[in-house]
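A.B. asks: Right, I'll just put the structure down here and ask away after.
The values are calculated or read from the model by the stated rules, or taken from the named source; none is laboratory data. Quantities reported herein were computed from a predicted structural model and do not represent experimental measurements. Using ideal geometry, Cβ is built from the backbone for each residue, glycine included, and neighbour counts are taken over all protein chains shown.
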Amino acid sequence: MVREQYLRELESVNSDVEKLCDRVCGLLRLSIECVQNWDKKCCAKTIRDERHSRRLFVELEEKCLNIIARQQPVAADLRFITAALVTGRKLERCGSYASEIAQTTKLLKPKIAAGLAELVSLEQTAEEALRLSAHGFVRRDLGLKADIVRLESENDGYMNELLERMKEHVAKSPRSAELAFRTYMIGKYYERAADNALRITHATNYLVTGDRNSLLD
């Protein structure tokens, strides 16, 4: 009976990771709506909802620490909890990026005139990569890494396109330099989200193989 309860607690950690990923991906999608519509109410909602995603991570963290304190897991179970904490932290950070994007959007004067298509592509690839990475963690599926690497590479490509677009925009309109810089920073947040998706695959590799060096990548 005690063992069954312990296994249920471990499985609930997986559910918490999936729930956190869903919330964070929703935040990223909301953040691009802020940018597209230049909507301050949407920005306020994104910032407010990010606090909820942070709370989900704190709950996940507390659950993992309680399991360690009460059950003193070893070997594979301890690896799982360690990897779950790393994964949760990476997801929580991506939620923070969505909030930063909303904060930056509020400062845009006027709204973005160039680079919007690239930003949409950056958000979409980052979101897809995060969903795949969380799915791979929960299923212990290292086979998804190739798709995540591909998405992260595509994301980098969109970032390079955005940079070139911003250079062209400033060359034509030097007074738009501040707007171009803020647009570029929004892109960087989406790029970092895709990077974190790749880092989650490193945590999954540690979970599956026990290679601690994976956590250093």
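A.B. asks: Test of understanding: among Val74, Val24, Val35, Val17, which residue is of a type outside the set (Asp, Glu), over 20 Å from the mean Cα position of the chain (by Cα) and on the phi < 0 side of the Ramachandran plot? Spell out how you get there, then give the answer.
C.D. replies: Values: Val24 fails: over 20 Å from the mean Cα position of the chain (by Cα); Val35 fails: over 20 Å from the mean Cα position of the chain (by Cα); Val17 fails: over 20 Å from the mean Cα position of the chain (by Cα).
Every option except Val74 fails the conditions.
A.B. asks: Among (1) modelled with pLDDT of 95 or more; (2) over 25 Å from Asp195 (Cα atoms), which single condition is Ile68 missing?
C.D. replies: (1)
A.B. asks: Test Ile32 against the stated conditions and say whether it is surrounded by 18 or more Cβ atoms within 10 Å (Cβ to Cβ) and part of a helix (DSSP H, G or I).
C.D. replies: Values: surrounded by 18 or more Cβ atoms within 10 Å (Cβ to Cβ): yes; part of a helix (DSSP H, G or I): yes.
Criteria met by Ile32.
A.B. asks: Can we say Arg51 is closer than 30 Å to Gly115 by Cα, surrounded by fewer than 16 Cβ atoms within 10 Å (Cβ to Cβ) and out of contact with any strand residue (DSSP E or B) (no Cβ under 7 Å at 6 or more places or on another chain)? Walk me through how you get there before you give the answer.
C.D. replies: Values: closer than 30 Å to Gly115 by Cα: yes; surrounded by fewer than 16 Cβ atoms within 10 Å (Cβ to Cβ): yes; out of contact with any strand residue (DSSP E or B) (no Cβ under 7 Å at 6 or more places or on another chain): yes.
For Arg51, the condition - closer than 30 Å to Gly115 by Cα, surrounded by fewer than 16 Cβ atoms within 10 Å (Cβ to Cβ) and out of contact with any strand residue (DSSP E or B) (no Cβ under 7 Å at 6 or more places or on another chain) - is met.
A.B. asks: Only residues that are closer than 19 Å to Arg3 by Cβ, in a helix (DSSP H, G or I) and of a type outside the set (Phe, Trp, Tyr): list them for segment 73-91, please. Lay out the reasoning, then the answer.
C.D. replies: Looking only at segment 73-91, we keep the residues that are closer than 19 Å to Arg3 by Cβ, and these are 73-81.
If we keep only those that are in a helix (DSSP H, G or I) as well, we get 75-81.
Passing the criteria: Ala75, Ala76, Asp77, Leu78, Arg79, Ile81.
A.B. asks: Do you know which of the residues in segment 106-123 that are touching a residue at least 24 places away in the same chain (Cβ under 8 Å) and either among the small types (Gly, Ala, Ser) or over 23 Å from Ala44 (Cβ atoms) (or both) is surrounded by the most Cβ atoms within 10 Å (Cβ to Cβ)? First the steps, then the outcome.
C.D. replies: Keep residues of segment 106-123 that are touching a residue at least 24 places away in the same chain (Cβ under 8 Å), which gives 106-116, 118-123.
Then drop every residue that is not either among the small types (Gly, Ala, Ser) or over 23 Å from Ala44 (Cβ atoms) (or both), which leaves 113-115, 118, 121.
Details: Ala113: 13, Ala114: 18, Gly115: 25, Glu118: 22, Ser121: 20.
That would be Gly115.
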